[in-house]
Amino acid sequence: MVLPWALAVLSLLPLLDAQDLECANTKPVPITNATLERLSGKWFYIASVFRHPKYYQSAKEIQAAFFYLTPNIMENVILLREYITMDDQCIYNSSYLGVQRENGTLSKYEGGIQHFAYLLFTKDPKTYMFSFCPEDEPNRGLVFYADKQEVTQEQLREFYEALKCMGLQGMEILYTNGKKDLCGPLEKQLEEERKKENKSSQVDT
């Protein structure tokens, strides 16, 4: 009686291995210094799926968004400077993300609550994803980011595959539209001010 059961299980192993390989990009890994260096720079919010009502409503209102990440490796934090276009106006925010290296998450304290996201790297170093509540099916979420507003179908394919692995549907995707971005002038102004401040601090030291 044991042998048929064992054979049945063994026959399923190749299928399980294939699924594991296919869904590998939905499994978080520990965050390293190299990970943080890869995150450094300017990124664009491309698309998302959120089942959590609050997250979904916030994402639905965003027309376009981009941001800068500046990691502090020693203190395990990331400076976040984000430019969000919503309601036909530009909103700028500056805050810090906490880094939990071992479980591969980043966190942000907002509205009296600590929000956690699993960092998921794609094969393409020019894109990555955030996974929210992966173990909580009614509240799951996945967000896709890229270093350019315009992305290729090849880059999007990993996002679509990850959605499938998480049991999320393509019809649930909310896309941003770079043509609706209104933050360009403010970005230019603030980034020029930052450069002047950095030069000034270097001279002082």
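The values are calculated or read from the model by the stated rules, or taken from the named source; none is laboratory data. Only a predicted model underlies this, so the values are computations on that prediction, with no experimental measurement involved. Here Cβ is always computed from backbone atoms with ideal geometry, including for glycine, and neighbour counts include all displayed protein chains. In case anyone asks, the SASA skips ligands and DNA or RNA and just uses the protein heavy atoms, side chains included. Shrake-Rupley method; radii C 1.70, N 1.55, O 1.52, S 1.80 Å.
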Original post:
What do you get for Rg/Rh over the chain if you use C-alpha atoms and the Kirkwood form of Rh?
Top reply: 1.05
**OP:** Kindly point out, ordered by number, any Cys in the chain whose beta-carbon has no other cysteine beta-carbon under 4.7 Å away.
**Re:** Cys133
**OP:** Can you tell me the relative contact order of the chain? Whole percent, Cα pairs under 8 Å, sequence separation 6 or more.
**Re:** 24 percent
Original post:
What longest region of the chain stays clear of GluC sites (Glu not before Pro) that DSSP places outside H, G, I, E and B and that have at most 11 other Cβ atoms within 10 Å?
Top reply: 1-74
**OP:** Mind checking the per residue accessible area of the chain for me, 1.4 Å probe, whole number of Å²?
**Re:** 61 Å²
Original post:
Ignoring ligands, DNA and RNA, how do Val29, Val143 rank by accessible area with a 1.4 Å probe, largest first?
Top reply: Val29, Val143
Subject >> Estimated FRET transfer efficiency (Arg101, Lys27; beta-carbon r; R0 22 Å; 0.05) >> reply: 0.85
**OP:** Would you work out which of Met171, Tyr145, Tyr109 lies farthest towards the positive end of the dipole of the chain? Charges go on Cβ: Lys and Arg +1, Asp and Glu -1.
**Re:** Tyr145
Subject >> Nearest-0.05 FRET efficiency for Met86 and Gln189, computed from C-beta distance (R0 22 Å) >> reply: 0.70
Subject >> Helical contribution to [θ] at 222 nm, DSSP H n ≥ 4, -39,500 (n - 2.57), averaged over the chain, rounded to 500 >> reply: -11000 deg cm²/dmol
Subject >> Spin-label model distance (nm) - Lys148 vs Lys196, 7 Å beyond Cα toward Cβ >> reply: 3.2 nm
Original post:
Which cross-chain or sequence-distant (5 or more) residues have an amide H under 5 Å from the amide H of Met86, H modelled 1.01 Å from N in plane?
Top reply: Gln63, Ile91
Original post:
Using a 1.4 Å probe on the protein chains only, how many percent of the accessible area of the stretch 120-205 belongs to carbon and sulfur?
Top reply: 50 percent
Original post:
If you place +1 on the Cβ of every Lys and Arg, -1 on the Cβ of every Asp and Glu, and leave all else neutral, what size is the dipole of the chain about its Cα centre, to the nearest 20 Debye?
Top reply: 180 debye
Original post:
If you keep only loop residues by DSSP, which trypsin sites (Lys or Arg not before Pro) in the stretch 86-148 have at most 12 other Cβ atoms within 10 Å of their Cβ?
Top reply: Lys123
**OP:** Return the sequence-ordered ³J(HN,Hα) values of the stretch 110-119 in whole Hz as given by the Karplus equation 6.51 cos²θ - 1.76 cosθ + 1.60 applied to θ = phi - 60°, using x for Gly and Pro.
**Re:** 8, x, x, 10, 8, 9, 10, 9, 7, 7
